[in-house]
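Just below is one structure, and these are the notes that go with it.
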Amino acid sequence: MENQCNITEFVGVNPTGDTIGLVIANVDQQLLEAMKLEKSYRSLGIVGARTGAGPHIMAADEAVKATNTEIVKIELPRDTKGGAGHGSLIIFGGDDVSDVERAVEVTLKEVDRTFGDVYANEAGHIELQYTARASTACQVAFGAEVGRAFGLIVGGPAAIGVVMADTAVKAANVNVLGYASPGGGTSHSNEVILFISGDSGAVRQAVISAREVGKKLLGAMGDSPTNSQPSYI
Amino acid sequence: MENQCNITEFVGVNPTGDTIGLVIANVDQQLLEAMKLEKSYRSLGIVGARTGAGPHIMAADEAVKATNTEIVKIELPRDTKGGAGHGSLIIFGGDDVSDVERAVEVTLKEVDRTFGDVYANEAGHIELQYTARASTACQVAFGAEVGRAFGLIVGGPAAIGVVMADTAVKAANVNVLGYASPGGGTSHSNEVILFISGDSGAVRQAVISAREVGKKLLGAMGDSPTNSQPSYI
Amino acid sequence: MENQCNITEFVGVNPTGDTIGLVIANVDQQLLEAMKLEKSYRSLGIVGARTGAGPHIMAADEAVKATNTEIVKIELPRDTKGGAGHGSLIIFGGDDVSDVERAVEVTLKEVDRTFGDVYANEAGHIELQYTARASTACQVAFGAEVGRAFGLIVGGPAAIGVVMADTAVKAANVNVLGYASPGGGTSHSNEVILFISGDSGAVRQAVISAREVGKKLLGAMGDSPTNSQPSYI
């Protein structure tokens, strides 16, 4: 992830998900107004990807825990290069460029871990995420409660996500924070996404149960789904 | 379409359009609330696809005619795996799992027929659908009148759909129920879609006229467009 | 671009962006109402593409300058055949079919020029557009002021567009007309887009500065980005 392009704003890339990390030390005031951010910051950290929203938001969640930055905005393009899901645009704000640069670096590194429970084949993908203690990236993007356990369950094509969601809530005593589908809560991606909270053991158990069902259902549509990074849940 | 994955919820797959059919016998109450369905059902049937909305909705229309189920929700992701159109998520509701399972089975089978007038090449696709007697899937998704003839005319890229639509309404005495385009009525797909009703002969004639023009226009952009299943109109 | 398909409505194709140009001499009244156009026209010219919105709108801008037509509607599907951006559907209106046909011909031809500053690699694309004197296509699509210099700066994945935008506004004294991103102003494309106006020299300088940064950042994600047509800015 070294600077390969001799541009001050460049922090690094992670080939997983076609991810790039950038910083702006002193953002132009006219641009800042046009971006309609809720808070003004001197320095912005920017992480973008063609493939992956959950992995990048979970990675950014670790970054805000580890740095003196805030999540300014999270947007989800309909992307994945022809796949069923989202890409991402995550913007960190801080008063010092070294802070936002560090947040971007942490995010680029954490993406290796958070892609661990993304399983894909030619027919689609499933994704699972889990944290024992959510921070503000999960709060902004998913409505998670800061400091509590949080889980994310995704299936694409969306039909698989419905059954994964049902499996998850039956497997353990968890709270449903939200449900997103092609017609609402997604950017018209072909996914059903469930957001859950609860005791950390229960959330983890719900996520694991959904994973087992999701892998088998997606596998019935094509090859056995595989992850590009080691599972972390 | 046999159960290849040893999951109770699995009904079958149809490789055409990457289609999967699933059931939930007793849907979790918390999930049901999060899904914000207008009616509550004990059992859900779920059909999802990466490629195809029209074919799956027309197939589901036959399924509701043939079974004791209702259409609960139809959502259209922007998908087709890099193509110009939609995928689909169709949810059936019923009081008995055998009813919704049967609806899913009928849909999976009918998709072979309803892909018959989807013609594609490397530049895009056109799609035609026709029924002499629309049921509630066409009503929910397209505003069709139940029991009357209904026709669907799709061209992607959208420009082709405009000329197909004009050709259709000039070819026979039909009523325009609706018009969908990238900016409204689609999930930002690259399609123009016309929904028509009228006497069955007129609707069929309008659809056939649009098909001939659409095939030639799409063919001018690349190879001669082909259908993967036999034409049924 | 000769008529290869023996349909009256066919004007021509441009393989760049999978672009097709069509006309309807006397549009059906029922269709016209369903399309909900703000003004009624006897003749419509239609340009559609799978890949490219900026290039086609800039080309259409030259077409309205050169012909007795008006821009009736511009819509942006989320397309590019698996890429990060938009396709397009542009509709011209006129009282005479020869006028709209001429507008479509000019657009098809100008697209060769306006793709000149679209640079792409396997990770995404950047796009720059510039005109010394904007016309009504830029006004309708981008909020440009007719008769003034206008510039367009696009980066996909969106993160690159943020830094390109910041670079542009710092490089010269320009006005920001608008900012579009995956969550607003785009059709959920993976792009950040900046619209600028000002003195022609300043707009051109801002665009060129953004291009240099954008090419290097996109190049850090993969191969060196290339344009399929000669640069015109």
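Taking each residue in A:46-55, count the Cβ atoms of any other chain within 10 Å of its Cβ, then average. What number comes out?
Averaged over the peptide's residues, the number is 4.
In units of 2.2 N^0.38 Å, what is the alpha-carbon radius of gyration of region A:47-92?
Details: Rg = 10.9 Å, N = 46, 2.2 N^0.38 = 9.4 Å.
For region A:47-92, the normalised Cα radius of gyration comes out at 1.16.
With point charges of +1 on the Cβ of Lys and Arg and -1 on the Cβ of Asp and Glu, referenced to the Cα centre of chain B, which listed residue (B:Ala202, B:Ser181, B:Thr136) lies farthest in the positive direction of the dipole?
Checked the options; the winner is B:Ala202.
Using θ = phi - 60° and the Karplus curve 6.51 cos²θ - 1.76 cosθ + 1.60, what whole-Hz ³J(HN,Hα) does each residue of region C:169-186 get, with Gly and Pro shown as x?
6, 7, 7, 7, 7, 10, 9, 8, 7, x, 9, 10, 8, x, x, x, x, 10
Could you work out the pair-distance distribution P(r) of region C:48-189 from its alpha-carbon pairs, with 10 angstrom bin width and percents rounded to whole numbers?
12, 43, 35, 10, 1
State, to one decimal in nm and shortest first, how far the label point of B:Thr136 sits from each corresponding label point in the other identical copies (label point: 7 angstrom along Cα-to-Cβ).
4.8, 4.8
What is the set of long-range amide H partners of C:Lys73 at a cut-off below 5 Å, with H atoms built 1.01 Å from backbone N?
C:Ile91
Remind me, what semi-axes does the protein assembly as shown give for its equivalent ellipsoid, largest first in whole Å, using sqrt of 5 times each Cα gyration tensor eigenvalue?
Numbers: eigenvalues 279, 279, 66 Å².
In descending order the semi-axes read 37, 37, 18 Å.
Amide H to amide H, which residues 5 or more places from A:Gly198 or on other chains are under 5 Å from it, using H placed in the peptide plane?
A:Ala149, A:Asn175
Between B:Ala66 and C:Ser228, with labels modelled 7 Å along Cα→Cβ, what's the label distance in nm to one decimal, could you check?
Label at B:Ala66, label at C:Ser228, 4.3 nm between them.
Given the C-alpha centroids of region B:1-73 and region C:130-144, what is the distance between them in whole angstrom?
A separation of 47 Å, based on Cα centres.
Taking the Cα centre of chain C as origin, sum charge times position over the Cβ atoms of Lys and Arg (+1) and Asp and Glu (-1), and report the length of that vector in debye to the nearest 20. Intermediate values should be presented prior to the final figure.
Working: 18 positive and 27 negative charges, 127 e Å.
With only Lys, Arg, Asp and Glu charged at Cβ, the dipole is about 620 debye.
Applying the Karplus parametrisation 6.51 cos²θ - 1.76 cosθ + 1.60 with θ = phi - 60° to the phi angles of region B:154-163, what ³J(HN,Hα) value in whole Hz is obtained for each residue in order, glycine and proline being reported as x?
10, x, x, x, 3, 3, 5, x, 5, 5
Under 12 Å from the Cβ of C:Ile208, count the other residues' Cβ atoms, weight Lys and Arg +1, Asp and Glu -1, and hand me the total. The partial results should precede the final answer.
Details: positive: C:Arg204, C:Arg211, C:Lys215; negative: C:Asp117, C:Glu212.
That works out to +1.
For region A:70-81, in order, what is each residue's ³J(HN,Hα) by Karplus, 6.51 cos²θ - 1.76 cosθ + 1.60 with θ = phi - 60°, in whole Hz (x at glycine and Pro)?
10, 7, 8, 7, 10, 10, 10, x, 7, 9, 6, 6
Please find, in a Gaussian network model of chain A (springs between Cα atoms separated by less than 10 Å), the residue of A:Pro157, A:Pro77, A:Pro15 whose mean-square fluctuation is greatest.
The residue with the greatest mean-square fluctuation here is A:Pro15.
Grab the eigenvalues of the alpha-carbon gyration tensor for region B:21-121, scale each by 5, take roots, and send me the semi-axes largest first in whole angstrom.
24, 16, 9
How many Cβ atoms of partner chains, on average, are near each residue of A:26-38 if near means within 10 Å of its Cβ?
Averaged over the peptide's residues, the number is 5.
Report, in cubic angstrom per residue, the convex hull volume of the C-alpha atoms of region C:118-219.
80
For chain A, with a Gaussian network of springs between Cα atoms less than 10 Å apart, report the residue from A:Glu38, A:Glu127, A:Glu101 with the top mean-square fluctuation.
Among A:Glu38, A:Glu127, A:Glu101, the largest mean-square fluctuation in the Gaussian network model of chain A belongs to A:Glu38.
Give the long-range amide H neighbours of A:Arg133: residues separated by 5 or more places, or on another chain, with amide H under 5 Å away, using H modelled in the peptide plane at 1.01 Å from N.
For A:Arg133, the qualifying residues are A:Phe150.
May I ask you to report, in nm to one decimal and beginning with the shortest, the distances from C:Asp112 to the same position in the other copies, taking label points 7 Å along Cα-to-Cβ?
Nearest first, the other copies' label points are 4.9, 4.9 nm away.
Taking loop as defined by DSSP and a crowding limit of 16 other beta carbons within 10 Å, which trypsin sites (Lys or Arg not before Pro) in region C:26-93 fit?
Within region C:26-93, the qualifying trypsin sites (Lys or Arg not before Pro) (loop, at most 16 other Cβ atoms within 10 Å) are C:Lys36, C:Lys39, C:Arg42.
Treating the beta-carbon of each Lys and Arg as +1 and of each Asp and Glu as -1, no other charges, what is the dipole magnitude of the protein assembly as shown about its Cα centre, to the nearest 20 debye?
Dipole of the protein assembly as shown, to the nearest 20 debye: 200 debye.
Return B:Ile160, C:Ile193, A:Ile90 ranked ascending by Cβ neighbour count within 10 Å, so the fewest neighbours appear first.
C:Ile193, A:Ile90, B:Ile160
What nm value, rounded to one decimal, do you get for the distance between C:Asp95 and C:Arg133 when each label is placed 7 Å out toward the C-beta?
2.4
With springs only between Cα atoms under 10 Å, which of C:Thr51, C:Thr67, C:Thr136 fluctuates most in a Gaussian network model of chain C?
Highest fluctuation of the listed residues: C:Thr67.
Taking a threshold of 25 Å on the Cα-Cα distance, which of the pairs A:Lys39/A:Lys65; C:Lys81/C:Lys109; A:Lys81/C:Lys216; A:Lys36/C:Lys36 fall above it?
Numbers: A:Lys39/A:Lys65 19 Å; C:Lys81/C:Lys109 22 Å; A:Lys81/C:Lys216 21 Å; A:Lys36/C:Lys36 31 Å.
Violating the 25 Å limit, Cα to Cα: A:Lys36/C:Lys36.
Values in this text are rule-based calculations from the coordinates and carry no lab data. Keep in mind the model is a prediction, meaning the values are calculated, not measured. So basically every Cβ, Gly included, is an ideal-geometry build from the backbone, and we count neighbours across all protein chains shown.
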